[in-house]
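To start, the structure under review is shown below, and the notes come after it.
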């Protein structure tokens, strides 16, 4: 594939850069810690421009961008730390509905995602089913035209601010565990749903437990056939892993650390910092080209194979390494929380980012799971 940017690409970059300079919020940047109102206002601003769902075709309300345009968009957002839209709607649930949903489901759910008026969350992990997701126990039993759902989900990002949740549920106990899993779309305002907060080590509340007690869900809300949930889950996880392992944010973090070395004689005089940054920059460049190849495969309809796992594994490990390096370079200035910074502002959030970053190599499938996938599908082991 062509990895160079032509004149049209650079013209598009200028358009994106100018638009973001005028419209991107300046008072917040992280959608996970932002308010629901802030996120919805920004997503609707993007939707009015037609840019909320970069990977969607025009027929479903997307911009129909090329692979290169999507990459440029991601780079420009990262460059100014512009807020990213929640990935649960346009990156995860939307493509699932496009690929497996009925016409009725597409008509009901895709427009609210594309116009930024409906927020989604993901109901996968359970207390006894994380990396071993096929062990999930949340039941969905048929009762007339409904399923009656009972069980618990955990580590559910943004459940307390979302409107709907897409869930893996067990509709059968026959055969292999994967064969009894189905994929449901559930309105979080339905009676019998309880959401409890989980406060994490970084001091934020973005995770939750979600309990289902005799929750009635229309069978029309099942995506795909009964028992097809495992196939759909793997399809969705490929989209999630590609997004969480992206390189643009890490490129910005790397550039910031290089700038700190250039401006601080104490850091500049220690060659160890420069060597570690150089090693990370090499890894990041390899990740960037792998990311571009993955986007090109998706555009051409090719199977991504194990590439999403490669991106997730390498991308999140680079993110962790950068957060660790920031803390070490900052020394005492990295210790306070962002509320009472000491010294260089770039280190004010170092500890918070470091603490949250311990989860980078766990959520979306742990690094060990990614290595198993790569061993099976890429190496044939």
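All of the numbers you see were taken from the coordinates with simple rules; none came from a lab. Computed from a predicted model, the values in this text were never measured in an experiment. For neighbour counting, all protein chains shown are included, and Cβ atoms are generated from backbone atoms with ideal geometry for every residue, glycine included.
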Roughly speaking, what is the stretch gain from residue 58 to residue 44, that is 0.36 nm per residue apart minus the C-alpha to C-alpha distance, in nm to one decimal?
3.3 nm
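Translational D (Stokes-Einstein, µm²/s) of the chain at 25 °C and 0.890 mPa s when Rh comes from the Kirkwood sum over C-alpha pairs? Don't skip to the answer; put the middle values down first.
Details: Rh = 22.0 Å.
Translational D for this selection: 111 µm²/s.
Using a Förster distance of 41 Å, how high is the FRET efficiency between residue 179 and residue 286, based on the Cβ-Cβ distance and rounded to 0.05?
On the way: r = 38 Å, r/R0 = 0.92.
Working from the Cβ atoms, E equals 0.60.
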Under a point spin-label approximation (7 Å from Cα along Cα-to-Cβ), what is the residue 235-residue 15 distance to one decimal in nm?
3.0 nm
Compute the acute angle (0 to 90°) between the alpha-carbon long axis of helix 248-263 and the principal axis of greatest extent of the alpha-carbon atoms of the chain; round to the nearest 10°.
20 degrees
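So what is Rg over Rh here for segment 61-182, counting just Cα atoms and using Kirkwood for Rh?
Reported Rg/Rh, Kirkwood definition of Rh: 1.03.
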Would you mind pulling out the separation of the Cα centroids of segment 267-329 and segment 115-191, in Å?
32 Å
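Roughly speaking, what is the stretch gain from residue 27 to residue 272, that is 0.36 nm per residue apart minus the C-alpha to C-alpha distance, in nm to one decimal?
Values: separation 245, 0.36 × 245 = 88.20 nm, distance 3.53 nm.
Value of the extension gain: 84.7 nm.
Is the shape of segment 120-228 rounded, prolate or oblate, going by the alpha carbon gyration tensor and its root eigenvalues a ≥ b ≥ c, with a/c under 1.5 for rounded and a/b larger than b/c for prolate?
Oblate, since a/c reaches 1.5 and b/c is not below a/b.
To the nearest 0.05, how large is the calculated FRET efficiency for residue 375 and residue 216 if R₀ is 35 Å and r is the Cβ-Cβ distance? Display every interim value, and only then the final one.
Details: r = 42 Å, r/R0 = 1.21.
After rounding to 0.05, the efficiency reads 0.25.
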State the volume of the convex hull built on the alpha-carbon positions of segment 1-59, expressed per residue in Å³ and rounded to an integer.
135 Å³
